[in-house]
1. Would you mind counting up the charge near residue 88? Only other residues with Cβ under 13 Å from its Cβ, with Lys and Arg at +1 and Asp and Glu at -1.
2. Please give the peptides 44-53, 122-131 ranked by average Cβ packing (other Cβ atoms within 10 Å per residue), highest first, as a rough proxy for protection.
3. Using the alpha-carbon centroid of each, what span in Å lies between the range 60-76 and the range 126-157?
4. Could you please report the charge total around residue 145, scoring K, R as +1 and D, E as -1 over all other residues with beta-carbon less than 13 angstrom from its beta-carbon?
5. Of 122, 86, 156, whose Cα points farthest to the positive end of the dipole of the range 78-157 (charges on the beta-carbon: +1 Lys, Arg; -1 Asp, Glu; origin at the Cα centre)?
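Just so it is clear, none of the values below were taken in a lab; they were calculated from the coordinates. Because the structure is a prediction, the values reported are computed rather than measured. Every residue, glycine as well, gets a Cβ built from its backbone with ideal geometry; the counts of neighbours run over all protein chains shown.
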Amino acid sequence: MEKLKNIVKDIVLEGKLSDWDGYNTPAALKKEKQSKGKNKPEDSITDLDLNTKNRNLTIKEYSYGPINPADEVGSKQFWKDKAEMWNTTPEAAKQSRCHNCGAFDQKKSTLTKIAKAIGDDGKTIIKNANIGFCEFFWFKCAGARSCDAWVGGGPIK
């Protein structure tokens with residue numbers, strides 16, 4: 001388990017948001033400067049800026065997306081790119097989503113923490129977006145999305 005934690009730590013801390021021009025929210029950049037890698041995975045459950053920083057890094061380094069999975073036209077290129085990378089078809093690539101990833105944590109205890117951190121509508125938001133916690137990249141992610149690090153066998157219940 002310790003070895004897995006070190007691998008995950010290395011993955012999450014691999015890049016910096018400030019390495020990319022353009023797609024950076026001020027709050028995430030500020031959190032990047034403040035945190036210097038001293039956060040625990042669960043910190044991003046309650047810290048929206050840290051969660052956004054980790055999510056933005058995953059978008060940039062591991063192609064987390066698409067922005068709107070329900071938009072077949074707008075997400076067409078995303079799935080074509082995933083299919084090319086995985087040497088398959090876009091239809092097959094679409095079957096590899098966060099909701100069935102081995103790193104997608106949907107344990108009751110995790111979802112309770114997420115709902116509490118979100119506030120009054122936390123349970124509704126979790127249900128509507130099929131939210132889980134990404135154990136690879138330490139952010140709250142939507143079940144309909146995917147990334148380059150997808151692994152089968154999930155979710156974690």
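1. Numbers: positive: 80, 82, 94; negative: 81, 84, 91.
After counting each charged neighbour, the total is 0.
2. Result, highest mean Cβ count within 10 Å first: 44-53, 122-131.
3. Their Cα centres are 14 Å away from one another.
4. Details: positive: 55, 82, 94, 97, 140; negative: 71, 148.
Spelling it out: positives minus negatives among the neighbours equals +3.
5. 122
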